[in-house]
1. Measure off 7 Å from each Cα along the Cα-to-Cβ vector at SER301 and THR332, then give the distance between these two points in nanometres to one decimal.
2. Peptides 209-221, 153-165: what's the order by average Cβ count within 10 Å, highest mean first?
3. Which residues in the stretch 137-154 place their backbone N less than 15 Å from a point set 7 Å from the Cα of THR339 along the Cα-to-Cβ direction?
4. What net charge do the residues around GLY204 carry, taking every other residue with its C-beta under 9 Å from that of GLY204, with Lys and Arg at +1 and Asp and Glu at -1?
5. Dipole of the stretch 132-195 (Lys/Arg Cβ +1, Asp/Glu Cβ -1, origin at the Cα centre): which of PHE192, GLN179, THR145 lies farthest to the positive side?
6. Along the stretch 148-164, what does the Karplus equation 6.51 cos²θ - 1.76 cosθ + 1.60 (θ = phi - 60°) give for ³J(HN,Hα), rounded to whole Hz, x for Gly and Pro?
7. Round to the nearest 0.05 the FRET efficiency obtained for HIS346 and GLU165 when R0 = 30 Å and r is the Cβ-Cβ distance.
8. Step through the residues of the stretch 210-215 one at a time and calculate ³J(HN,Hα) from phi using the Karplus curve (6.51 cos²θ - 1.76 cosθ + 1.60, θ = phi - 60°), rounding each to whole Hz and writing x for Gly and Pro.
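What follows is calculated from the coordinates using simple rules that are stated; it is not laboratory data. Since the model is a prediction, treat every value here as computed from it, not as a measurement. Note that each Cβ is placed from the backbone with ideal geometry, even for glycine, and that neighbours are counted across all protein chains shown.
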Amino acid sequence: MSIFPASYVDGRTALRRWVTATLQQDGILLSDAEGRALAKWPWAEIVALEDESARGPIRLARGAARLTVEARGFAGALYAAAPILRPPSATRRLRRAALAIAASLAAVAAVWWSLPRLTLLLVALIPLSAEERLGDRAFKGLGVTVCENAAGQAALDRLTARLTEHANLRFHAKAVVAQFDLFGGEKIVNAFALPGGRIVVLRGLITQAESADEVAGVLGHELTHVIKRHPLRRMMEEAGLGVLFETLLGYNTTSDAGSLVAELSFTRAEEREADEGGIELLKQAGISTQGFATFFKRLASKSLGEPPALLNTHPATAERIAAAEAAAVPGTSPALSSTDWNALKHICDGTPVPGGEKPR
């Protein structure tokens, strides 16, 4: 039995008193200066708060009560009587830290692995009407000017309707031709899909296309993205639950949805799925799929250094061209009549280009 001087706070008041701490087989007995027992602390109820080496002080707790012992030799006697209170060695602390890090990494990996599945579940919760509203708001934030020639828009609408006639769309597909409001923005060759059926075909793509079949191939690709709800899925993964709350409850949680969508890029699997779906839409509509491959091939051959945006933002260009060529079949008729194709080619004639140039 070992006895040591100590200071004691009973936890009911802030009064600190000097006591003796007697280490017994079943715990610590605290006594006052006259030897009267004040409290008995069972080992199972004691927590070591701080250990500043074997020379002390040692601070112990039992509930709100505190016991501080600075006497030399107390640490050794305490750990001999109650090994469970002995602090872990450096090796044990390192092992615990390593286990904690490993557990954290495993948790992150589990979340990362499950994120695509979780995203699919969340996307399924969003009504199509809410997705359309999100797409409309994203479009307004893009910073583009729409080419509003009526004859050209009517031709684009007819092409969109032809491509989606057999697609069993659950929403209204809305395609427009536009240009970015920046110098040279009218020359960007690209097209992209927004949530809820919004398709934006950039002016540079219309300028570079040599046939309506080429535009139809790109449009079919983007339509497949929205049919599969790829844009909403990308937004969900980028902005998280904010998109879900915004679309379901109407909260404005994504402050710049337009910029967010513009920066999103689809996965290789999604791009491959959109290519395959676009080719299928062309076949269903009786439009030759050769134009889809021809357009990409011509763009790739024309590019010097950096490829056009339409190729640069879509992975595996050579693979996509080869797949489109392999699937190419003749169509029953051109994607648009010569009159409609001419109208679509000139849809932006009345739209000023950025930088003060005259419309062309």
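1. 3.1
2. 209-221, 153-165
3. 151-154
4. +1
5. After comparing all options, I get PHE192.
6. Along the stretch 148-164, the couplings run 10, 4, 4, 5, x, 5, 4, 5, 5, 4, 5, 5, 4, 5, 5, 5, 9 Hz.
7. 0.70
8. 10, 7, 5, 4, 5, 5
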